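Throughout, read-outs are computed from the coordinates displayed, never taken from laboratory work. Owing to the predicted nature of the structure, the values given are computational and were not obtained by experimental measurement. A quick note on method: Cβ atoms are made from the backbone with ideal geometry, for glycine too, and the neighbour counts reach across all protein chains shown.
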Amino acid sequence: MSESDRDHWFPAKTVGYGWGPPRRWQGWVVLAFYMAAVIGIALRFPPQRELAVFLIGVGLATVLLIIVCALKGEPPRWRR
């Protein structure tokens with residue numbers, strides 16, 4: 001593993017486009033915060049009663065996760 005590979009929290013997927021499971025502990029912390037946010041949003045705004053607010057909240061949390069992956073992950077590219 002090269003020096004630059006160790007700096008990436010999220011490796012690029014080996015097949016397809018995007019990022020795979022975290023490589024560093026910081027990535028696992030980010031992923032844990034994301035899961036906690038989604039669970040918290042689901043408990044606070046149950047989708048059965050407040051679907052629009054639930055979708056907006058999960059959407060924002062997902063956008064933040066993608067931003068962190070883009071900043072701290074390997075550059076993604078399509079792989080077969």
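Of THR14, THR62, all but one fail to be surrounded by fewer than 17 Cβ atoms within 10 Å (Cβ to Cβ), within 14 Å of the chain's Cα centre (by Cα) and hydroxyl-bearing (Ser, Thr, Tyr); the exception is THR62. Filter segment 21-38 for residues that are loosely packed, with under 15 Cβ neighbours inside 10 Å, free of Cβ contacts under 8 Å to residues at least 40 places away in the same chain and not hydrophobic (A, V, I, L, M, F, W, C) and give the result. PRO21 - this is the single residue of segment 21-38 that is loosely packed, with under 15 Cβ neighbours inside 10 Å, free of Cβ contacts under 8 Å to residues at least 40 places away in the same chain and not hydrophobic (A, V, I, L, M, F, W, C).
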